[in-house]
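The values are calculated or read from the model by the stated rules, or taken from the named source; none is laboratory data. A quick note: this is a predicted structure, and the numbers were derived from the prediction, not measured. Cβ coordinates were reconstructed from backbone atoms using ideal geometry, including for glycine residues, and neighbour counts include every protein chain displayed.
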Amino acid sequence: MQAVHPIHTTKKVVGPGASSLKYDILTALLVTGNCSDTAEARLAPRLALILTARFNWRRGTFRVGQRELARMWGVTERTVKRELSVMRSMGWIAIAAPPARGRVAEYSLDLRNILQSTRPFWTEIGPDFAARMDPDACDPQAMETNVVPIRRDPAALPSEDGTIWPSAARALRDHSAQLFEAWFVKLVPVGQDGGVFSFTAPSRFVADYVQTHLSLRLLAALSAADSSIREIRVFPAQ
């Protein structure tokens, strides 16, 4: 059985459930800063401050000058330059637009690499946080007892329709039949528009829950079937 790891994603943090995911990203960075003595521990709270103060969540980028960062971090500009270079080498950030006259450089965020670096410390927050970020990081039985299966028999997979959804649905069911039967089987695919794959759910509660707590896992299954998928959206059915 091939495990589905939600951390393999470059999803932008926008749309339904975005606020919850923003807090989760910041929490992952801060716990890394408090529970480690590595380079990540030094850099994580500094990046968290950038995300809090200067990050444009809709664009997925930030612009901030080295002098301003030096004030925010309480260090010298030379240290800022070095720390940004280390973050780039770790794959946490990348230059989205080089500096130009009258404008500082613009940086993008690589959520995949950040989550990969912070993953060892998720369980320090608690099993609920680890399960939300990556269900494989905690005891599966503890996670799945919070989900009430709606069917006794295994849910049927969607019929082959020429889209990637049947393949992704099979991976989700193979990984956790209970989660699939409780949540994913309720989703109805709307279709793919560029890198966005959309679904409808039978209620706003289901749509919000999947978007907030299960979107990373759902996106991982879809992107495994089609690497061009970068975002999922779940809407309540009209």
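At a glance:
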{"read-out": "Failed item in (1) surrounded by 16 or more Cβ atoms within 10 Å (Cβ to Cβ); (2) over 30 Å from LEU218 (Cα atoms), with GLY74 passing the rest", "value": "(1)"}
{"read-out": "Test set (1) surrounded by fewer than 20 Cβ atoms within 10 Å (Cβ to Cβ); (2) touching a Gly at 6+ places or on another chain (Cβ under 9 Å) - LEU51 fails condition number", "value": "(2)"}
{"read-out": "Pair list, Cβ under 7 Å, 6 or more apart: region 110-124 residue at negative phi and in contact (Cβ under 8 Å) with a residue 12 or more places away in the chain, other residue aromatic (Phe, Trp, Tyr) and surrounded by 21 or more Cβ atoms within 10 Å (Cβ to Cβ)", "value": "ASP110/TRP92; ASN113/TRP92; ILE114/TRP92"}
{"read-out": "Test for VAL86: is it in the same structural domain as THR38 (by TED's automatic domain parsing), within 27 Å of the chain's Cα centre (by Cα) and more than 19 Å from ASN113 (Cβ to Cβ)", "value": "no"}
{"read-out": "Qualifying residue in region 72-90 (condition: farther than 27 Å from ARG233 by Cβ, among the β-branched types (Val, Ile, Thr), part of a helix (DSSP H, G or I) and touching a residue at least 12 places away in the same chain (Cβ under 8 Å))", "value": "yes"}
{"read-out": "Qualifying position, being surrounded by fewer than 16 Cβ atoms within 10 Å (Cβ to Cβ), outside the structural domain of SER227 (by TED's automatic domain parsing), at pLDDT below 95 and on the phi > 0 side of the Ramachandran plot, among GLY102, GLY65, GLY60", "value": "GLY102"}
